[in-house]
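Only one structure is covered here, and it is reproduced in the block below.
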Amino acid sequence: MSRPASPPLEKLVTLFTHARRGAFAIALYDRLAVRRDITTALRERLAQPVYEVVLSEQERNPIDLIRALQPKPGEVVCLYDLERAFPQALGYLDLQREVLVEMDIALLCWVTAFGHRMLAQQAPNFYAFRTTVFDFTTAESQPPTASLFIGRRRELKKLTALLPAGGLVLLTGQGGIGKTMLAQQALQQTRAHCSGGTAWVNCATRPPLDDILLTAAVALIGDVMQQCRPDERQQRLAEALRERPCLLVLDNFETIAEDSAVLRWLQTIAAPSTALLVSRQRVPSLRVPTLRLSTLSTNDAVRLFTQRARDAGWEGTDAKSLPRLCTLVGNLPLAIALLAPRAAELPLPVLEEALQQHSAALTNDHSLTLAEDHQRIASCFLVSFDLLSEGARVLLTRLSILPDGLDERFVASFTAITEWHQPLAECRRYALLVLEQQRYRFHSLLHPIALAQLGDTLPAWQQRFVAFFCQLVRDNRDINDRAQRAVLDAEWRNALAAAETAEALQDWDTVGTLSAWLGDFLRLRGRWVEREHLNQRALAASRLAGDRQTEAGRLNNLGVVYWHQGRWADAEATYQQSLALCRELGDRHGEGQTLNNLGIVYQEQRRWADAAAVYQQSLALRRELGDRHGEGQTLANLALLRQALGDKTAALWLAREALQIFEATEDAAEQERVRQFVAAWEPPAP
């Protein structure tokens, strides 16, 4: 059956019909079936003969093979499998271009994206003589994900039997062996049992306990958990886990397997709920039911390769070599997912040769310390990466600088590539990227390999990474705006990583800027650990820059973090440092604010006399400076202190005075705060 008409095919037929002689065309393809269908269509629609010339490891001279056909002027020759004859075939085409010109034939050179790139680079004389390029690629199609789960039925049965018992379950196995896919299948099969809900936490970014608790609480209870204090959130989550069966999956657990706080919390999880820990290694400190995945059998690996390759358009050519190829990649599902789709484009012996070349190069590169299985995965990644189109290669490497992937809304602005849909679809087709909801991510094993492809451009992209997320936070720092808050919800991990990169680049201004603009968001979301780390980076930056004025302010900010965490001793010590600096520098406004904050810490510790003393110092300073807003804050805090001491009359008088100031300064938020506790203290009307 002939191939349905398409714009590239129509143009190709027109070219060979009306410009029969001396037409050198290049055809891009990503499926062998496409070559066959287009060639069949050309034979049906052209009056002149259409020949096929196939190159191989033994037949590398395309000129001699074409001569042997003795084509007449105007007849069409399709040149296949150029990649199998690299690099010699490129030399013949480049140096003997004039011989082809003298033949006066119509030559259609079929190449993959990789072959096209190599043709342009290593056969420039031949490439310059091309008539045009026809694109017959089909990379927008995606394989069905269900087809990737093959085998593992026995392991799935064991895992789904362990989960309903509750408590902790550990799933281990080497990287790329299929743990995540098995965990996903188990989650689907046990979902009906988990009436309390399911939560999935990707630990690849090394989240602290507070972050894990927040993610789990939001998934199991709802968005309202974002507004709770960390201690309240942990309590509510514990209640949810006790009341109904819930399933919590911690993927890539090996990154936090030595976090003592996380390990202590995990010990509290018991029936009816379950926590499934998916880890590349055992966790010696946990004595829990464990399922260890072994490598796929060769038969299952061949089935997986076959299904994955057929989904991409492979027709079964050279299938007898599949067991050897699967053994070469260690029967690893991730390696197979990377390599199998390429079988639709190149013969399996070509893929095997390319794989062996990359494997040898990685073995000889003593700067790398990859384990054997990771080296196999890296080799498969590099084979597929080499075969990408230039646009997909560029896009993939630019995204690799991001530790937390990227929301599709920002792909164009970050990468500076406006036409990004097709390249990203190509990367997804070959399992180089995954799309989770609207976010493009790397598999944790592939990310460092992709990052290495930036090479000498790494410093420039580090700087772009820092500048982009600094601007993103600047443009979306209004946490009261829902749309801006949604942007920060999506990208805060990248923004924190940008602060870390800025610190490494000694870009102290950016570290401080990110701390100032991202701090309110982290406070709103209850991410105190992340805010503490960010404030500590900003404090270190001000000290390294020798900016003592800024250092005092950042000490104050860090004290606020400790205060909200209930770390009173740390908060007091930090405020005392800030206070000493303010006094040394003559910063009276800063001194007034710090004294006010120090009073709050003393009050929380029930050090009433100390609190009253510093509040009075703060109040005097703020009145002296004419700082009406600050005066109102301190008066309100003094009111709370008097109320705590049982002096409601003084408390009401101070609160009303503070309220008058906030009404005069039109501070609605502070007005509401003061009105609430005034209403609570006032006696009921008769």
(message) Please give me, ordered by residue number, the GluC sites (Glu not before Pro) of region 594-685 that lie in loop per DSSP and have at most 14 other Cβ atoms within 10 Å.
(response) Glu666
(request) Identify, among Pro73, Ala120, Leu100, the residue whose Cα sits farthest towards the positive end of the charge dipole of region 7-135, taking +1 on the Cβ of Lys and Arg and -1 on the Cβ of Asp and Glu, with the dipole about the Cα centre. (result) Pro73
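At a 10 angstrom cut-off on C-beta neighbours, averaged per residue, how do the peptides 216-227, 510-521 rank from highest to lowest? Don't skip to the answer; put the middle values down first.
Numbers: 216-227: 16.8, 510-521: 21.9.
Ranked from most to least packed, the peptides come out as 510-521, 216-227.
By how many nm would the segment from Arg229 to Arg548 grow when fully extended, if each residue of separation counts as 0.36 nm and the alpha-carbon distance is taken off?
Values: separation 319, 0.36 × 319 = 114.84 nm, distance 3.23 nm.
Length gained, Arg229 through Arg548: 111.6 nm.
Name the shape class, rounded, prolate or oblate, that the alpha-carbon gyration tensor gives for region 7-135, where a ≥ b ≥ c are the square roots of its eigenvalues, rounded holds for a/c under 1.5, and otherwise prolate holds if a/b is larger than b/c and oblate otherwise. Don't jump to the answer; show the numbers that get you there.
Numbers: a/c = 1.45, a/b = 1.22, b/c = 1.19.
It comes out rounded by the Cα gyration axes.
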(request) Order these peptides, 522-533, 482-493, by their mean beta-carbon neighbour count within 10 angstrom, highest first. (result) 522-533, 482-493
(request) Rounded to the nearest 0.05, what FRET efficiency do Glu315 and Arg153 give with R0 = 22 Å and r taken as the Cβ-Cβ distance? Could you check? (result) 0.20
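Take peptides 328-341, 243-256, 62-75 and line them up by average Cβ neighbours within 10 Å, highest first, as a rough protection proxy.
Details: 328-341: 26.5, 243-256: 21.6, 62-75: 15.8.
Top to bottom by mean Cβ count within 10 Å: 328-341, 243-256, 62-75.
Counting only DSSP beta bridges with both residues in region 39-183, tell me the antiparallel percent, nearest 5. Kindly include the intermediate steps, with their values, before the conclusion.
Details: 0 of 9 bridges.
Here the share of antiparallel DSSP bridges comes out near 0 percent.
What does the charge count around Trp508 come to, taking other residues whose C-beta lies under 10 Å from its C-beta (Lys +1, Arg +1, Asp -1, Glu -1)?
-2
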(message) On the principal axes of its Cα set, how long, how wide and how thick is region 93-233? Give whole Å, largest value first.
(response) 81, 40, 25
(message) How far apart, in nanometres, would the label points at Ala128 and Arg675 be if each is projected 7 angstrom from Cα along the Cα-to-Cβ direction?
(response) 7.9 nm
(request) With a point put 7 Å past each Cα toward its Cβ, work out how far Arg287 is from Glu419 in nm, to one decimal. (result) 6.4 nm
(message) Give me the mean projected area, in nm² to one decimal, of the convex hull enclosing the Cα positions of region 298-455.
(response) 9.1 nm²
(request) Evaluate Rg over Rh across the chain, taking Cα atoms for both radii and Kirkwood's formula for Rh. (result) 1.10
(message) How compact is region 627-686 by the rule of thumb for globular proteins, expressed as Cα Rg over 2.2 N^0.38 Å?
(response) 1.06
(message) What do you get for trypsin sites (Lys or Arg not before Pro) in region 99-207 restricted to DSSP loop and a cutoff of at most 12 other Cβ within 10 Å of the site's Cβ?
(response) Arg191
(request) Would you mind computing, in nm to one decimal, how far apart the modelled labels at Gln506 and Val394 are, each placed 7 Å from Cα along Cα→Cβ? (result) 3.3 nm
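Among bridges DSSP assigns within the chain, what percent are antiparallel (round to 5)?
Working: 5 of 43 bridges.
Approximately 10 percent, going by the DSSP bridge assignments.
Scan region 397-457 for GluC sites (Glu not before Pro) in coil per DSSP, keeping those whose Cβ has at most 12 other Cβ atoms within 10 Å, and list them by number.
Answer by residue number: Glu419.
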(request) Give the residue from Leu220, Ser618, Phe465 lying farthest towards the positive end of the charge dipole for the chain; charges sit on Cβ (+1 for Lys and Arg, -1 for Asp and Glu) and the dipole is referred to the Cα centre. (result) Leu220
(message) Checking the a/c ratio against 1.5 first, then a/b against b/c, what shape does the Cα gyration tensor give for region 2-80?
(response) oblate
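Values quoted throughout were computed directly from the atomic coordinates according to the rules given, and no laboratory measurement underlies them. This one's a predicted model, so the numbers in the text were calculated from it and none came from an experiment. Here the Cβ is made from the backbone with ideal geometry for all residues, glycine too, and neighbour counts use every protein chain on show.
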